[in-house]
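K.L.:
My questions will all concern the structure given below.
The values are calculated or read from the model by the stated rules, or taken from the named source; none is laboratory data. Owing to the predicted nature of the structure, the values given are computational and were not obtained by experimental measurement. When we count neighbours, we look across all protein chains shown, and the Cβ atoms used for this are built from the backbone with ideal geometry, even at glycine.
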Amino acid sequence: MQIKRNRQSRSPGIVKAVVFLLVISGVSFCLAFVWQNVSQATTQVSGDNQREDTDAAVLSREHVDAASPAAEQPPDSGEESAAGDSESRQEESGEGDSGAAENPDAGEESEAVPDGTNRPAPASEAVPLSPRVSNSYFEDAIFFGDSLSVGIPLYQVAGNPDTVAFTGINPLSINTSQVINSPQGKLTLLEAAKQYGEKKKVYIMLGGNGLWMDEKSFTEGYQTFLDSVKAQYPGAQIFLQSILPVTEDAHLTYETADNDVIRSFNKLIIGLAKKNGVYYLDVAQALMDNNGVLPKEASPLDGMHLTPEYYEKWFDYLKTHTVEEK
Amino acid sequence: MKRLNKMLLLALSAMLVMAGCGGKTEAVDILPKDAAAALVEQVDFQDSLQEAAGDVAAQFYNLDDTITDFAIYISGSGATAEEVAVLKVEKEADAAHAEGIIKERLGTLKDMFENYRPDEMVKIGDPVIETRGNVVYFVCTSDTRGAKDAIAALYS
């Protein structure tokens, strides 16, 4: 009986001890859990603030640098949204600080943004994001190009700016081919453009028909045209637009249509922009999907030529990537 | 059924473009805008054709004052040589001048596509060019039979 009584008297103590331990464990677990969440939240807030600061700095710098052509722009002058992480990385690494004009390879397009997609990062040398302008911005502009630019007047895009374009023209043929009908006979694109008088902005989209060329011919032909443009429009802002991406199956219609080739030729155009102190517009960024290609819906017919909706995207990009006149 | 629909469309478009003729087929007053729209509707095209605005069309075709009225549709994407043009002149005697403008445009299309998309040369090499009184029609398509039928239907 005594033993039993002793056991009875000990039992509540053991139970209390066990309950106590359980309570302590539970409280500790809860505290640890709460602490972990608080830490994560603090880190997140801190990171967000840091990123906001970075974005603000980039935007601020964009406005400062907006009047600098490709040769003068810092490589981290930025691009919107998807490239945010990439920008931060470039800023940290100081990539291209040595001066892109001296080293044509410095600051070139990186292979992909680290967002889990295959989308190439925006060209760091491109004109950065700017406040949106209206159609009237293009009233003193002229557009030169190939079949893609033919669609500008046809679709009456952006108030139908003056455009001189010819299907199939390439960086070589644009210099000599007299293909534009006029009362004076057949004219080259630049000759035909004289009817529009003086211009303050010149937009060029050229190269999509030159993907078969070797780099030397492409660059020399493009440079010759640039020289002629600069002579005809002294003091004008000159914008070299990237060659646009194509769909994955565009090669079925156009043998040389390949996005890797297009990217490599766009690097040549970036080099030309730097060398000539003119602006580069990475229009391709506005049209490609997360795989870095033109989506099928943009060009259901042949994988290269655009629907009216994608002309709007193209010009939305132009309207938000401008530079102030000096 | 599809053929029946097409025939009905042809008949309807003929009625539309003959709106001012008072029922006399020999005095059909063709409105280029309606006629071109009817051709675009009835002929088979690979591409979606876009009507070119007046000044743009005039530039593409190098039109002059001899052409009193016109309507021009061009490959919207720029990917094909497909086009429709209806040019009207004051007098039948001027129709040859309009034909010359069409042939010049055809030469331009050849310059554009022969190296760029050689497969389009089939259309450029066999265009439909017809003159009916003071109106000249040009249809660049692989559906030449359909184009000829559609033009004929405008006068039937």
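K.L.:
Would you pick out the residues in segment B:75-99 that are of a type in the set (K, R) and at pLDDT 95 or above?
P.N.:
B:K88
K.L.:
So A:N266 clears everything in (1) more than 14 Å from chain B (Cβ to nearest Cβ); (2) more than 21 Å from B:Y116 (Cβ to Cβ) except one condition, right? Which one?
P.N.:
(2)
K.L.:
Which residues, counting only those in segment B:53-73, are out of contact with any helix residue (DSSP H, G or I) (no Cβ under 6 Å at 6 or more places or on another chain) and either of a type in the set (S, T, N, Q) or within 25 Å of B:R117 (Cα to Cα) (or both)?
P.N.:
B:A57, B:A58, B:Q59, B:F60, B:N62, B:T68
K.L.:
Can you pull out the residues in segment A:192-232 that are at positive phi and exposed (fewer than 15 other Cβ atoms within 10 Å of the Cβ)?
P.N.:
The answer is A:G197, and nothing else.
K.L.:
Being surrounded by 18 or more Cβ atoms within 10 Å (Cβ to Cβ), more than 12 Å from every other protein chain (Cβ to nearest Cβ) and among the polar types (S, T, N, Q) narrows it down to one of A:T167, A:T176, A:T188, so name that one.
P.N.:
Going through A:T167, A:T176, A:T188 in turn, just one is surrounded by 18 or more Cβ atoms within 10 Å (Cβ to Cβ), more than 12 Å from every other protein chain (Cβ to nearest Cβ) and among the polar types (S, T, N, Q): A:T188.
K.L.:
Out of B:F60, B:F70, B:F45, I need the residue that is aromatic (F, W, Y) and in contact with an Asp or Glu (Cβ under 7 Å, 6 or more places away or on another chain). Which one?
P.N.:
Within the list B:F60, B:F70, B:F45, the selection yields B:F45.
K.L.:
Considering only segment A:132-153, I want to know if a residue exists there that is facing chain B (nearest Cβ under 9 Å) and among the aliphatic types (A, V, I, L, M).
P.N.:
yes
K.L.:
Within segment A:256-266, does at least one residue satisfy the condition of being among the hydroxyl-bearing types (S, T, Y), over 24 Å from A:H321 (Cβ atoms) and at pLDDT below 95?
P.N.:
Yes, the conditions are met somewhere in segment A:256-266.
K.L.:
Which residues, counting only those in segment A:152-169, are modelled with pLDDT under 95, closer than 27 Å to A:M213 by Cα and of a type outside the set (A, V, I, L, M, F, W, C)?
P.N.:
The answer is A:T167, A:G168.
K.L.:
Step by step: first the residues of segment B:25-45, then only those that are touching a residue at least 40 places away in the same chain (Cβ under 8 Å) and out of contact with any strand residue (DSSP E or B) (no Cβ under 9 Å at 6 or more places or on another chain), then the one that is surrounded by the most Cβ atoms within 10 Å (Cβ to Cβ). Which residue is that?
P.N.:
Restricting to residues being touching a residue at least 40 places away in the same chain (Cβ under 8 Å) and out of contact with any strand residue (DSSP E or B) (no Cβ under 9 Å at 6 or more places or on another chain), the top hit is B:A38.
K.L.:
Do the conditions hold for A:L301, that is, is it touching a residue at least 12 places away in the same chain (Cβ under 8 Å), in the same structural domain as A:A158 (by TED's automatic domain parsing) and either under 18 Å from the mean Cα position of the chain (by Cα) or over 26 Å from A:F225 (Cβ atoms) (or both)?
P.N.:
no
K.L.:
Which residues, counting only those in segment A:206-235, are hydrophobic (A, V, I, L, M, F, W, C) and closer than 18 Å to A:K274 by Cβ?
P.N.:
Correct list: A:L206, A:F218, A:F225, A:L226, A:V229.
K.L.:
Is it fair to say A:G235 is under 20 Å from A:T167 (Cα atoms) and either loosely packed, with under 15 Cβ neighbours inside 10 Å or in the same structural domain as A:N291 (by TED's automatic domain parsing) (or both)?
P.N.:
Against the criterion (under 20 Å from A:T167 (Cα atoms) and either loosely packed, with under 15 Cβ neighbours inside 10 Å or in the same structural domain as A:N291 (by TED's automatic domain parsing) (or both)), A:G235 does not qualify.
K.L.:
Criterion first (within 14 Å of A:G277 (Cα to Cα) and touching a helix residue (DSSP H, G or I) at 6+ places or on another chain (Cβ under 8 Å)) does A:L240 satisfy it?
P.N.:
yes
K.L.:
If B:E92 satisfies all but one of (1) within 25 Å of A:S182 (Cβ to Cβ); (2) out of contact with any strand residue (DSSP E or B) (no Cβ under 8 Å at 6 or more places or on another chain), what's the number of the condition it fails?
P.N.:
B:E92 satisfies all of (1) within 25 Å of A:S182 (Cβ to Cβ); (2) out of contact with any strand residue (DSSP E or B) (no Cβ under 8 Å at 6 or more places or on another chain) except (1).
K.L.:
State all residues of segment B:43-64 that are within 9 Å of chain A (Cβ to nearest Cβ), among the hydrophobic types (A, V, I, L, M, F, W, C) and out of contact with any Lys or Arg (no Cβ under 8 Å at 6 or more places or on another chain); if no residue qualifies, say none.
P.N.:
Passing the criteria: B:A52, B:A53, B:V56.
K.L.:
Let me ask you something else. Every residue in segment A:152-180 that is touching a strand residue (DSSP E or B) at 6+ places or on another chain (Cβ under 8 Å) and closer than 13 Å to A:T307 by Cα, please.
P.N.:
Hits for segment A:152-180 are A:I152, A:L154, A:Y155.
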